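Input: a single structure, listed below in C-alpha cells.
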Amino acid sequence: MVSQIGLRSKFTCLFGAFGANDIPPSAYRAALLSTTTMPSIPVDVLRHILGHADQATLAKVCLLNKICCSCSQDILYRHIRITEYLEGTKICRTLGQSTHLARRVRSFVISSHVYVKRHERELREALQNMTYLRNLSFRCTTNFSVLDGCTFKLSSFTCSPLHHQPLHEFLLDQPSLTNVRLTPLHDPPVFEETCLPNLTLVTTIFPWLKQLVPNRPVKEVVSLGVIPIGDSVDLSFLAFSTSPIQKLTIHYSLLYPKPGQFLASVCPSLTHLKIDADLIYSIVCELPSLLV
C-alpha cells in the first residue's frame with residue numbers, strides 16, 4: 001500500500017500549480033483509491049455483513065458495484081411491509097415493473113385497506129412477479145382476484161377472507177403451506193384431506209379448526225374468539241391430527257367446565273397450554289376445574 005506521504009510527494013510533481021497542502025481533495029481521494037487494492041470478500045460473508053446494515057446504508061452500498069448492489073437488494077427487498085397508501089403505491093409499482101427486484105421478495109405484509117381497494121391491478125402485477133415469495137400476509141380485507149396468475153408456493157399465509165370459495169381454491173393450490181392464520185366471518189367450507197397436507201400450525205376461529213386439524217400433521221393450534229359459556233363444545237377433533245398436538249392456545253370458555261383429564265385424553269402429547277381469558281379473575285376461578 002502506498003503511504004499518504006508518498007502520495008503527496010507524487011501529487012506535488014503532478015500538480016505543480018498547487019502547494020504540497022493544496023492538492024484538491026477529490027484528486028487526492030481518486031489517486032488513493034487507484035493505488036490501493038481492496039481484498040475481495042466472499043459473497044456469503046458480504047451478505048452476512050450487510051444483514052446488519054440499515055436501509056439507508058444498504059441504499060448507498062447499491063452504488064458501489066454490481067456485486068454489492070445485488071447483495072444489498074437481496075436484503076432491501078427480502079421483507080416488504082406496507083402500512084400506508086403512498087408507501088404501497090411506490091413499492092407495488094416498483095415491484096410490478098422490476099421483476100429482478102420482485103424475485104427477491106420472500107415476505108410480503110400489507111395492512112393498508114385503502115391501497116388494496118383502489119389499486120388492485122398494481123398489487124396483482126407485483127404479486128405475480130414475486131415468484132419466490134414464501135410468506136404472505138393480508139392484514140386487511142382483500143379481493144382474492146389479486147392472486148390470479150401468481151405462481152409462488154407459500155409456507156405461511158394470513159388473511160381475513162370475505163368469501164370462502166376463492167380462499168378454498170387458493171389453498172388447494174398451496175400444498176407447501178405449513179402455517180395458516182385465517183380470521184373469517186362465515187362458516188367454513190369442507191376441506192378435502194388432500195388440501196393443506198403439510199399444515200403444522202393453524203390459527204383461526206373454532207368452527208374452522210374442526211375442518212383444518214383432522215387428517216393433517218398439525219402440532220400447534222391457536223383458537224381465536226369465544227363462545228357463550230354453557231354452549232356445547234366438542235374438542236375430540238384435536239385427537240385426529242396425524243401428528244401429536246404439542247401446543248394449544250384456547251379461550252377458557254371452550255374448556256369450562258371440562259375436567260383436565262379430558263384435555264389430556266385428546267392431546268396426550270401437549271407440552272404448552274395457553275388459556276386466554278377476558279379477566280385475570282376468570283383465570284384464577286376457572287383453572288382449578290381443569291386440573292381436577
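Every read-out reported here was derived from the displayed coordinates using simple, explicitly stated rules and does not represent laboratory data. Remember, it's a predicted structure, so these values are computed and weren't measured experimentally. We place every Cβ from the backbone using ideal geometry, glycine too, and count neighbours over all the protein chains shown.
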#### Entry: Spin-label model distance (nm) - Glu192 vs Asp44, 7 Å beyond Cα toward Cβ
4.2 nm
### Query
What length, rounded to one decimal in nm, is gained on full extension from Glu84 through to Thr151, with 0.36 nm per residue of separation minus their alpha-carbon distance?
21.5 nm
### Query
Which of the GluC sites (Glu not before Pro) found in the range 161-204 are in a DSSP loop and have at most 14 neighbouring Cβ atoms, other than their own, within 10 Å?
Glu192, Glu193
### Query
Are any of the pairs Lys60/Lys117; Lys60/Lys153; Lys210/Lys258 more than 23 Å apart by Cα-Cα distance, and if so, which?
Lys60/Lys117; Lys60/Lys153
### Task
With r as the distance between the Cβ atoms of Gln97 and Leu201 and R0 = 30 Å, compute the FRET efficiency 1/(1 + (r/R0)^6) and round to 0.05.
0.30
### Task
Set the Förster distance to 35 Å, then compute FRET efficiency between Val109 and Glu169 from the Cβ-Cβ distance, nearest 0.05.
0.95
### Query
For Gln261 and Ala59, what does the FRET efficiency come to when R0 = 41 Å and r is the distance between their Cβ atoms, rounded to the nearest 0.05?
0.10
